[in-house]
1. In whole Hz, what ³J(HN,Hα) sequence does the range 160-165 give by Karplus (6.51, -1.76, 1.60; θ = phi - 60°), x for Gly and Pro?
2. So for the pair Asp173, Glu49, with labels modelled 7 Å out along Cα→Cβ, what separation do we get in nm?
3. First select every other residue whose beta carbon is under 14 angstrom from the beta carbon of Asp164; then total the charges, Lys and Arg +1, Asp and Glu -1.
4. To the nearest 0.05, how large is the calculated FRET efficiency for Asp67 and Arg19 if R₀ is 30 Å and r is the Cβ-Cβ distance?
5. Using Cα-Cα distances under 8 Å and only pairs 6 or more residues apart, what relative contact order does the chain have, in percent?
6. Just the number, please: carbon plus sulfur as a percent of the accessible area of the chain, 1.4 Å probe, no ligands or DNA/RNA counted.
7. What is the magnitude of the charge dipole of the chain about its Cα centre, with +1 placed on the Cβ of each Lys and Arg, -1 on the Cβ of each Asp and Glu, and no other charges, expressed in debye to the nearest 20?
8. Rounded to the nearest whole Å³, what is the per residue volume of the convex hull around the Cα atoms of the chain?
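The values are calculated or read from the model by the stated rules, or taken from the named source; none is laboratory data. Because the structure is a prediction, the values reported are computed rather than measured. Reconstructed Cβ throughout: ideal geometry from the backbone, glycine too, with neighbour counts over all protein chains shown. Remember, those area values only see protein heavy atoms, side chains included, never the ligands or the DNA or RNA. Shrake-Rupley method; radii C 1.70, N 1.55, O 1.52, S 1.80 Å.
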Amino acid sequence: ARTRFAPSPTGYMHIGNLRTALYEYLIAKSSGGDFLLRIEDTDQKRYVEGATDIIYSTLKTVGMNWDEGPDIGGNYGPYIQSERKPIYAEYAHKLVELGGAHYCFCAPKEEAEDDEAEENAVPAKFQDPCKRLSLEEARAKIAAGEPYTIRQTINKKGKSHFHDEVYGDIEIDYDDLDEGVLLKTDGFPTYNFANVIDDHLMAITHVVRGNEYISSTPK
Ligand code: GLU
């Protein structure tokens, strides 16, 4: 197994984070696998000075040593999301070409682009007028210097399925999912986008995370 502990330095590490890390560590080590540390610092507005140092020192104190991470490197780096911006941009633009995302020029709502607030800020039934733009029209606006975000495009028919080892089979109507921002105007990805790109590229086999992420997993 390859697991990752992927904290956001938006506050000081707490016992709940450490509990999640313990499961990840044990799942990796019980199969002789690797435990990775990845710093998810895409929400620059909520960055807390010193939070990353506490993550390092806490894990070291309890002996949960990581096999790959920002300080020791590895074959799948960099392990700090702010250093991976070009990777997310490449995939976001690729997703637009594949029809899974679109360029959006709606006036940016400060909070709506925030990782955490983004979850609730865009109502599921929000009809993005930018979806009606052709790719050529959108590209012309971008070339003219208009700020844009890249927003997920969701085919509203059908259901999303996934299996969770703790909660079982989860099924959610696509119609209930909001078309959230994947890439913000400043070129930073949102949490929802960055974590799937990274888990894929870093060949993560088991994702262990708080159950507050069940609702965004279908996206
Ligand atoms: N960066 C997220 C957090 O700190 C990680 C969630 C996840 O494990 O995907 O809560």
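1. Taking θ as phi minus 60°, the curve returns 9, 10, 8, 9, 10, 5 Hz for the range 160-165.
2. 4.9 nm
3. It works out to a net charge of -3.
4. So the FRET efficiency works out to roughly 0.90.
5. With pairs under 8 Å counted, the relative contact order is 23 percent.
6. 53 percent
7. Taking the Cα centre of the chain as origin, the dipole is about 320 debye.
8. Given the Cα convex hull of the chain, per-residue volume reads 128 Å³.
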